[in-house]
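K.L.:
Just dropping this structure here.
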Amino acid sequence: MYYVYFLKSLKNNDLYVGSTQDVENRLASHNSGKVRSTQFYRPWILLDRESFPTRSEAVRREMLLKTGQQKELLRKKYNLK
């Protein structure tokens with residue numbers, strides 16, 4: 001199973017969208033500073049996740065959610081900046 005996950009930065013109230021097979025391990029990587037794009041905005045908390053049977057479906061969904069309009073809808077849904 002593959003997942004698209006949504007994280008919230010407790011430092012600046014921002015949203016991060018990613019995909020992985022192991023959400024808990026990936027969250028730990030974000031919070032330990034191993035992910036360059038999120039290392040300065042720690043700590044992160046998990047808001048939600050969506051599951052997909054294949055990696056390609058998860059990545060397709062992740063890319064869609066990272067577009068301007070879709071990401072803005074997610075920010076409004078989770079009341080983020």
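Laboratory data are not the source of any read-out in this text; all were calculated from the coordinates shown. The shown structure was predicted, so the numbers you read here are calculated from the model rather than taken from an experiment. Positions of Cβ are backbone-derived with ideal geometry, glycine not excepted, and every protein chain shown enters the neighbour counts.
K.L.:
Taking all pairs of different Cα atoms in region 2-77, averaging 1/r and flipping that mean, what Kirkwood radius in angstroms comes out?
P.N.:
12.5 Å
K.L.:
Would you calculate, for the chain, the mean residue ellipticity at 222 nm contributed by helices, counting each DSSP H stretch of 4 or more residues as -39,500 (n - 2.57) and dividing by all residues, to the nearest 500?
P.N.:
Working: 3 runs with 31 residues, N = 81.
Rounded to the nearest 500, the figure is -11500 deg cm²/dmol.
K.L.:
As an exercise, identify the chymotrypsin sites (Phe, Trp or Tyr not before Pro) in region 35-81 lying in DSSP coil whose Cβ has no more than 15 other Cβ atoms within 10 Å.
P.N.:
Y78
K.L.:
Say a paramagnetic label sat at a point 7 Å from the Cα of T54, along Cα to Cβ; which residues of region 16-48 have their backbone N under 20 Å from it?
P.N.:
Label zone hits: 19-22.
K.L.:
At a threshold of 8 angstrom on Cα-Cα distance, excluding pairs fewer than six apart, so keeping six or more, what relative contact order does the chain reach in percent?
P.N.:
Over the chain, the number comes to 38 percent.
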